[in-house]
Every structure is written in C-alpha cells, then in structure tokens.
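Structure first, then comments.
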Amino acid sequence: MSASNREFDADVAVIGAGPAGIAAATRAAEAGARVVIVDESPNVGGQIWRHRPGAAAPTGAIRWLARLERSGARVLAESTVFDLHRDDRDGFVVAFERAGAPGELRARALVLATGARERFLPFPGWTIPGVIGVGGAQALLKAGASVRGKTIVIAGSGPLLLPVAASLVHAGAHLALVAEQAPARRVASFAVGLWRRPAALRDAVRYRAGFLRVPYRLGEWVTEARGASVLTSVVMTDGRSSRAIPCDLLCVGFGLVPNTELPRHVGCSIADGVVRVDDRQATSVQGVFCAGEPTGIGGVDLALVEGEIAGLCAAEQGGAASSPLRARRARLRRLAAEMDRAFALRDELRRLPTAETIVCRCEDVAYGALYRDWSPRQAKLYARAGMGACQGRVCGPALEFLLGWDGDAVIRAPVTPTLLGAMCGREGDAPSVARVPSQPGNRNAPMRDE
Amino acid sequence: MVGDLTSRHDAIVVGAGIVGAACAHALARDGLRVLLLDARYAAGGSTSAGMGHLVVMDDSSAQLALTRLSTELWRALARELPPAVEHEPCGTIWVASDESELDAVRAKHALCAREGIASEVLGPRELAMLEPQLRPGLAGGLLVPGDGVVYQPSATLWLIEQARESGATLREGVRVDRISDHAVHCGATVLRADVIVNAAGADAPRLTTALPIVPRKGHLAITDRHPGFVRHQLVELGYLASAHTMTTESVAFNVQPRATHQVLVGSSRELVGWDASLNRRILSRMLERAIAYMPALAALSVVRTWTGFRPATPDKLPLVGAWPETRGLWIAAGHEGLGITTSLGTARLIADLVAGREPPIDATPFAPTRAIAAATVH
Amino acid sequence: MADGPTAGIVMHVDGVAMHPGAGTSVAAAMLNAGTWGFRRSVRGEPRGPLCGMGICHECRVTIDGIAHRRACLVLVANGMRVETGGDGA
C-alpha cells in the first residue's frame, strides 16, 4: 500500500459518517474546506442511514448523500480510528487502521460525529445467540441478513422500537410482540404531546402502521431468554404475570448511549455523560467540534442540524446561514428531552440479573462477582469487568444503570481494538502483518452443529 | 474510617500493594496483630500496572539470591493459589539474537548451575520448536523452567485474605501523612504499633524522605485472546541492559502469555517524573522491537495499553530492613521491575528481621541504611 | 438476502462454501446460512452478534488468518475464508 493511500491532509476531518458527519462534511466542503470523512463501516450512513454499497439509500438520506458526493469531501470507509491527538502545529492527527495497515489523517479542525450505541441490560439468558439489539437487528437487516419467516419478539425501550418493528415486518418476519417497558400513561402522554410536532407524529403513525397487526404492549419487559446454543423462547412480564413466547430472535435494547470515547480521548469536557458544546458545536478543546448523538441523544433531524452547524464552524464559516439552523436545533433538543423523560427506564430492570447472570460479556464476569462497594476501577482490576475487547462499551452503561457506577475512566489508544502492527505504523505487507499460522494450540473449534 | 481502629496493633503496614500484602501476611502468620493500610485500594499502584512475571534475575548476586528465594517461595505456594491468581509455571526463555548474546546465555547457564537453578541452553532449532513465532535467524536462548506468571491483582488480594485469616485487618482509603516513632499519622488520627513497615512503593519517599526511590515509567500493551501464540515468557538479553542503566529511555523485547491466552507486550523504561500519559513514540518503539523478534505479533489485536511506575533505586536493589532514624520503622520498598517476584522474599526477610531470626539469605545488601550512608547533601 | 449464484461470491465458513450476495456483511451471510454461534466466550459458551455495529465484539471470527475481526463490519469477498469458534478458554 503506497504512502498516498495512507497519509491524508485536510482542513477539516470528520469522524463518523452518519447523518451528523455527512452534514458536517458536506457543509464544510461546500464552504471551501478540504474535508476527509472517516468511518469504520464499509459504507457511509451510520446506523439509521445504513445501506449496502451500491444499494439504494434510505429515502431521507438520498439528497444528503448526493450532496456529499458533489461537495468534494473525501470518504475513507472501512477505516477504524484508534488514536487521535494534537500534532506539533496546533492541528490534529487521526491515526486509523484500514485493511490491516495504518493510516494518518492530519487536519486543522475536527468534527467528532461518532453517534450512539444501544444500551444493553443484562438478564438471564441474554448471552444466548439469537438475542440481538433493536438497532442491532436494523443493522444486520440492512447488511443483508434475512428474517423472512422468523418469529421475532422486540422488547426494550424507546422510539427506535417502532421503525425497527416496521422494517422487520416489511422484511417478512413474523413479529409476535413489541414490548415497551415504559408505563402506558407516560408513553400515552408523550404521544398526546406530539400534536405539537406534526413531523414526529407522522413518523410515529407511519411506523405503527407498518406493524399494525402486531401487539404493541406498554409496561411490559423481558425477564428471561431461554435456549441452549440458540434462542428458543423468551419470558415477558408486566409486573403482575409472566408468559413465555417461543421465538427465533429477540431484539432487545434500552435506549441509546452516546459514543463519547473519542471526544474523551482527545480531552473534551463531558457533563452528564455527553460532550459539552457551545452554540457553535465547539467542544472545550480548541479546534474540536462535536455533533449529533454524542452531544445528547436526539435522533436524525437534530444530528443533521448540529452537523451542519459544526461543519460550517469548523470550516470557519460559522456566521453564515446558521440562525435558522440554531432555532431548529433548539426545537429538536426540546423534543429529545421529552423523549428522554417519557422512556426513562423502570426500576424493575435493575432486578433482572441474578448473581449468575453475566454482566461483562467479553470477560464472562457474573453479576455476583462484583461487590457493590468496589469502584469501577477495582471491578476492572479484580474481576476484569470492562477489560475485554469492547472496552466497557456494553457493560459500562449496564453497570452504570445497575450499580450507579460512572464511566469516566481515562481513554487511551487504541480507542477501539486494533492491530498491533498498525499501532506502530507498520505496513500491511507480507512479512510484517504475517498471517498467524494455524497450530495445535490455536483452539479454533468450529461452532457448527451445536 | 480510621475512627474505629481503637485496638492496638503489633504491626502497621503502609501500602497494600503486593509487597505490603505479602509483608502483612508473613507478619500475621508470625502471630502479630497486623493493620494493613492503603490510601486508595489494594493493588491500586505499581502492582496492578506490572507484568506479573515471576523471574530469576542475575544483575547482581544479591538480586539473584532474592529472586531465587522468591521464585522458590512462589513454587511452594503454587498448589494453594486459587484459579483467579492464574499462576502459570510457563518458564522464561532469555532470547539470544546473535553469537555474542549466546555467549552471555552460556555464562548465565553456568551461573544458574552453580546456584542450583534449573536452566537449559537452547540452540536455534530447539528455540524455534519451543516458540515457533520467534523470527528465524536467532542464535538460541536460555530456558529457565522454574519461572512463571501470575495475575498479580488477584495474588495481592489472596495474600490479604490469607493475612486476614491470621487476624490481620485491611483498611483502604486511609492515607498516611507521616510516620514517627512507632506511629503513623492519618490526618488527626495517630495509630501506634511496635512495628511500622513502609511498603508504599514509588510513594515511599513521601513518608521516608531520604529513600532514594524514583518512579521509572513503563508502557505495556495487551492483546485479545490468541491461544498458543506464545508459551513462555520471552525476554531479550538486552532487557538486562535496559533495566540496569538509568539512562533517559529504553525499550526491550519482553512478551508474556497470560492464562487468559492474551499476550502481554512490554517493555519500556524512562524517567519522566509522575507523568502517566501514554508516550506514543516510546510505545511505538516498544511494539516495533517486539515485532522484530516475533513478526506475527503485528497481526494480533491490541485491546489496551497502559503505563505504570516502577519504584527504582540507584543500585537496582530494593530497600528491605530497619530504618534506624525512626524507631520501629522498617522499609520494604524500591523493587523496580521485580516487585511481584520478590514480594514473597521481601516478606520473608522482613518477618525474620522483625522476629530477630536469621533470614535465609544475607539481608545486608538490601539494608536501607546504605541509602543514609550514600546520601549526599540535597 | 442472497442475490444468488450470479453474484459470483464464494466464501468458506469452517470449510463450508457459501454464496452470499455482494455487499452483504460476513455476519449477515453467516446468519443467513443458519450459523448463530460465531465464537466461544471465556467460559466456552457460544456467542453471536449482538449490536450489529462493531461495538460489542461478540461477532468476532478469524477471516483469512487474522483473528478477532468483527464480522458485522466486514463485507464478504470472493475467496474469503472464515473460521468460527475462536477465543474461548
């Protein structure tokens, strides 16, 4: 791989190619800045606009994607950012790994648009293959997975349940149930409040219409997943009685958690779990902007507005055309806050895991192994919770909900696990990134026919 | 927190790292009522940052004696250690990259033979068979089968548990501000005991200012699980030079298999005060050196990197023994990169010296008084 | 959903040939072929995709000799060799 494929120079580097990143990159490039946008997925779109390379993009994305393409911003897909730091000239260096080789992107300004991930909560059986996220189901579906004829239960919380339910039905699944843990009165009063927001209301109605014949139960949640090597049924409860539902897939997710790892790594100040930004989407670090979910969960429309503002400001065009954007942002943030309150997680969810339930999946740490008066640092050290490959991204939010632990650990490179060779600037050629030969100790035992 | 400690203790150990924990254990087993204190939490300092290597090291005859005693003590404990301690008797291979290093290997082998330490010289073919991921063209190595690896945070907790079973008390979150004759001071509270042990590692000079201990920073990287990739702890002979000289910075090839099948990659040394931030340049150099010895390391997935501070002394030996300037005070600190290994030997020395018994090895080279003698006017 | 043999991609998972459509992720292709266990946890339990977006690392498989690749982030390619069951205790 030649140097020209590995080293990039830009005025603005955008990290994350979801709606916020796409909007930021587009506006910055249209304003004349040299822009490079980086994402670890094979294609741009993030989660909600995910689509296969060459396939049709989701409707809402088409115009923005066309605009991105026209803007001249350069897209680096399949590129995993593992380090981010200042260079010696007040700019930044983004270190990434792509196709086994390291790459470097230098930029004067950064827009961090790293999106959000799902909050998973542990309950007995949640590690059985066949239990996937709600956003996870959407992602896998869009990546080509077939759910035709599969019996599916969706259980969890938040507005994401609706579009995913509609997608799964559209894809030919037999959706047995959609269960929202928030109590009926809270969700109902939120829904009633939507008359003030016709666009959101239209969306909600449209999604619900997509799975009209499927029961959408409020105040219900999953307590157990059953099966040996693969899921066979789930147990649902409403707090009074329980019932088992046979199914092939359980889609479970309890809201969204902002991906603040890169912002924290580069030193951005965080408050209440989100990146603090000012009116220009600027963080506490000079030259670093942040847009979309990491500044507060708020959905695609808010992400787009914040992205536009961040892109313009990063390209130093912040004064131009941003007042209507700012007003829109304010309205959308208010809606996001209302959603937060409506779908807050109930206390019963804290009592789902037993002492045997795995809470850290990467290291197989059971709930009972974590003493309550341990700090998160002690838990990592003594029980290894959070020391595995996901670097605490799954168990962190779970333990925060269960035990009140706050995840403010220092984030060091690699911010995502990456190849050792990439971390020291090694090329991906034959001798250095050598294939690990199979050997007796390798322990790869095929999983088939369990 | 300290308010409830009204009962008298025979011994107070300051610092619940592995050295303090081992001392508390040894003293408690001798029948002393021991109080173990830590400003934060057990194993929270240098202990948790290290490699957990149990190794015989021959930089000096005193170091050899202490590490050899210690590895024997670890081997004797092996059967008692629970799975969480992840004790692996994987041995060490000192890797020789050329003929002159192979000569050094032979000299080490002769020394081990004289000292009754099992070791075996490996030629290039044997080396390749034992560790197929090492690059071709190396000259050979020295296998020391009695060495091993532990997960040292768990080992520390286990030692503390054993100490508790013999009546010791652990109090975390208690910061000692000052040590005086037969006493430690924690804020307004004074705790008294006949025996005070300063086992505060790199922080020991805060309490006993004349201790010549400085923080020597190291980097480590740990990979995801890759079973069978490496079987022994592998160290290049140049590691000794790196550990020996107190130059500004150095890296050395040092790779270790963990019971979890993760590969731990080190090592680096630099003197930069207490700056714990990751130094990309040094990390890069360290990883490059490791790849030079094991090319396929480049394809492993790194999950985490971190830094830590070794408590380093000018003569590479720890300070273990009485500190006459303060009555009742004993020092057990300054173990540089050998704290995990020599925790047990150190504890044995301290317990014997406190009890007035003849220790199993000569304790004079470790006498803290040598620091007073050597100290120049500041 | 597989686009059929005309898409021209042949990959092997644990030695078994598959013909996923172009643009499918390795994870999706494996799920479509009925493989739900991708790896073994520390205690030896079967695990498969959870988050679908590269966060949870539960979908890790060995691809073309490189271990711990997240199957949900990698597109299928002709001639690709995937091995499951890695990791584990």
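The values are calculated or read from the model by the stated rules, or taken from the named source; none is laboratory data. Just so it is clear, the model here is predicted, and its values are computed rather than measured. Because the Cβ atoms are built from the backbone with ideal geometry, glycine has one as well, and the counts that use them run over all protein chains shown.
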>> So, in the stretch A:250-268, how many residues would count as being closer than 18 Å to A:A314 by Cβ and either within 14 Å of the chain's Cα centre (by Cα) or without any contact (Cβ under 8 Å) to a residue 60 or more places away in the chain (or both)?
In response: 2
> Going through the stretch B:215-258 one residue at a time, which ones are out of contact with any Pro (no Cβ under 8 Å at 6 or more places or on another chain), among the aliphatic types (A, V, I, L, M) and either outside any strand (DSSP E or B) or more than 17 Å from B:M51 (Cβ to Cβ) (or both)?
Replying inline: B:L237, B:L240, B:A241, B:A243
>> If A:G386 satisfies all but one of (1) facing another protein chain (nearest Cβ under 9 Å); (2) assigned to a loop (DSSP other than H, G, I, E, B); (3) touching a helix residue (DSSP H, G or I) at 6+ places or on another chain (Cβ under 6 Å); (4) at pLDDT 90 or above, what's the number of the condition it fails?
In response: (1)
>> For the list (1) among the hydrophobic types (A, V, I, L, M, F, W, C); (2) under 28 Å from B:P212 (Cβ atoms); (3) surrounded by 24 or more Cβ atoms within 10 Å (Cβ to Cβ), I need the number of the one condition that B:L271 fails.
In response: (3)
> In the stretch A:89-120, what residues are assigned to a loop (DSSP other than H, G, I, E, B), over 18 Å from A:T416 (Cα atoms) and away from every other protein chain (no Cβ under 12 Å)?
Replying inline: A:R89, A:D90, A:G91
> A:L332: touching a helix residue (DSSP H, G or I) at 6+ places or on another chain (Cβ under 7 Å), in a helix (DSSP H, G or I) and not hydroxyl-bearing (S, T, Y), yes or no?
Replying inline: yes
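State which residue is farthest from the chain's Cα centre (by Cα) when the search covers only the stretch A:389-405 and only residues that are part of a loop (DSSP other than H, G, I, E, B) and touching a residue at least 60 places away in the same chain (Cβ under 8 Å). I'd like the intermediate steps shown before the answer.
To start, the set of residues in the stretch A:389-405 that are part of a loop (DSSP other than H, G, I, E, B) comprises A:389-394, A:404-405.
When the remaining residues are screened for being touching a residue at least 60 places away in the same chain (Cβ under 8 Å), the result is A:391, A:393-394.
Working: A:Q391: 14, A:R393: 10, A:V394: 11 Å.
Looking at residues that are part of a loop (DSSP other than H, G, I, E, B) and touching a residue at least 60 places away in the same chain (Cβ under 8 Å), I get A:Q391.
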>> Can you find a residue that is over 21 Å from the mean Cα position of the chain (by Cα) and either of a type in the set (D, E) or under 27 Å from C:A22 (Cβ atoms) (or both) anywhere in the stretch A:107-126?
In response: no
> Looking at (1) more than 18 Å from A:M387 (Cα to Cα); (2) touching a His at 6+ places or on another chain (Cβ under 9 Å); (3) within 7 Å of chain A (Cβ to nearest Cβ), which is the only condition C:T24 fails?
Replying inline: (2)
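Return the residue satisfying two criteria in turn: it lies in the stretch A:359-378 and is acidic (D, E) and free of Cβ contacts under 8 Å to residues at least 12 places away in the same chain, and of such residues it is farthest from the other protein chains (Cβ to nearest Cβ).
Filtering the stretch A:359-378 for residues acidic (D, E) gives A:363-364, A:373.
Applying the additional criterion that residues be free of Cβ contacts under 8 Å to residues at least 12 places away in the same chain yields A:364, A:373.
Working: A:D364: 4, A:D373: 10 Å.
If we take residues in the stretch A:359-378 being acidic (D, E) and free of Cβ contacts under 8 Å to residues at least 12 places away in the same chain, then A:D373 is farthest from the other protein chains (Cβ to nearest Cβ).
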> Out of (1) of a type in the set (A, V, I, L, M, F, W, C); (2) in a strand (DSSP E or B); (3) within 20 Å of A:S41 (Cα to Cα), the odd one out for C:A17 is which?
Replying inline: (3)
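Considering the stretch C:37-50 alone, what residues qualify as being within 11 Å of the chain's Cα centre (by Cα) and either more than 7 Å from chain A (Cβ to nearest Cβ) or crowded, with 24+ Cβ neighbours inside 10 Å (or both)?
Residues of the stretch C:37-50 within 11 Å of the chain's Cα centre (by Cα): C:37-39, C:48-49.
Residues satisfying the conditions are C:F38, C:R39, C:G48, C:P49.
Can you tell which of B:A322, B:A312 is crowded, with 21+ Cβ neighbours inside 10 Å and closer than 26 Å to B:R178 by Cα?
Checking each option against the conditions leaves just B:A312.
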> In the set B:L170, B:L157, B:L138, which member is within 14 Å of chain A (Cβ to nearest Cβ), of a type in the set (A, V, I, L, M, F, W, C) and outside any helix (DSSP H, G or I)?
Replying inline: B:L170
> Restricting attention to the stretch A:93-115, which residues are β-branched (V, I, T) and surrounded by fewer than 24 Cβ atoms within 10 Å (Cβ to Cβ)?
Replying inline: A:V93
> When both residues are 6+ apart or on different chains and their Cβ atoms are under 6 Å apart, which pairs have a first residue that lies in the stretch A:334-354 and is of a type in the set (K, R), and a second that is surrounded by 19 or more Cβ atoms within 10 Å (Cβ to Cβ)?
Replying inline: A:R346/A:Q181; A:R350/A:L402
> Can you name the residue in the stretch C:29-52 that is among the aliphatic types (A, V, I, L, M) and touching a residue at least 24 places away in the same chain (Cβ under 8 Å) and, of all such residues, is farthest from A:T114 (Cα to Cα)?
Replying inline: C:V42
> Could you list, in sequence order, the residues of the stretch A:273-287 that are crowded, with 24+ Cβ neighbours inside 10 Å, more than 15 Å from A:L332 (Cβ to Cβ) and not hydroxyl-bearing (S, T, Y)?
Replying inline: A:V275
> Where in the stretch A:152-226 are there helices (runs of 4 or more DSSP H), lying wholly inside it, with at least 1 residues that are farther than 25 Å from A:P58 by Cβ?
Replying inline: A:184-193
> Out of all the residues in the stretch B:215-231, which are surrounded by 23 or more Cβ atoms within 10 Å (Cβ to Cβ), within 20 Å of B:I291 (Cα to Cα) and not small (G, A, S)?
Replying inline: B:H219, B:T223, B:D224, B:R225, B:H226, B:F229, B:V230
> When you scan the stretch B:180-198, how many residues do you find that are out of contact with any Ser or Thr (no Cβ under 6 Å at 6 or more places or on another chain) and in a strand (DSSP E or B)?
Replying inline: 12
> In the stretch A:232-249, which residues are buried (at least 23 other Cβ atoms within 10 Å of the Cβ) and either free of Cβ contacts under 8 Å to residues at least 12 places away in the same chain or in contact with a Leu (Cβ under 6 Å, 6 or more places away or on another chain) (or both)?
Replying inline: A:V234
>> Residues to consider are B:V184, B:V197; find the one that is in contact with a Cys (Cβ under 8 Å, 6 or more places away or on another chain) and surrounded by 23 or more Cβ atoms within 10 Å (Cβ to Cβ).
In response: B:V197
>> As an exercise: evaluate B:N254 against (1) crowded, with 20+ Cβ neighbours inside 10 Å; (2) of a type outside the set (G, A, S); (3) closer than 30 Å to B:E99 by Cβ; (4) within 14 Å of chain A (Cβ to nearest Cβ) and give the number of the one condition it does not meet.
In response: (4)
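Would you pick out the residues in the stretch B:284-303 that are within 7 Å of chain A (Cβ to nearest Cβ) and either in contact (Cβ under 8 Å) with a residue 40 or more places away in the chain or small (G, A, S) (or both)?
Here is the first cut: in the stretch B:284-303, the ones within 7 Å of chain A (Cβ to nearest Cβ) are B:284, B:287-288, B:291, B:295-303.
Result: B:S284, B:L287, B:P295, B:A296, B:L297, B:A298, B:A299, B:L300, B:S301, B:V302, B:V303.
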> Any residue at all in the stretch A:28-41 that is touching a Gly at 6+ places or on another chain (Cβ under 6 Å), farther than 19 Å from A:N259 by Cβ and either buried (at least 18 other Cβ atoms within 10 Å of the Cβ) or away from chain C (no Cβ under 14 Å) (or both)?
Replying inline: yes
> Using beta carbons and a limit of 9 Å, which pairs, at least six apart or on different chains, have the first residue in the stretch C:53-72 and closer than 22 Å to A:G115 by Cα and more than 7 Å from chain A (Cβ to nearest Cβ) and the second one among the aromatic types (F, W, Y) and assigned to a strand (DSSP E or B)?
Replying inline: none
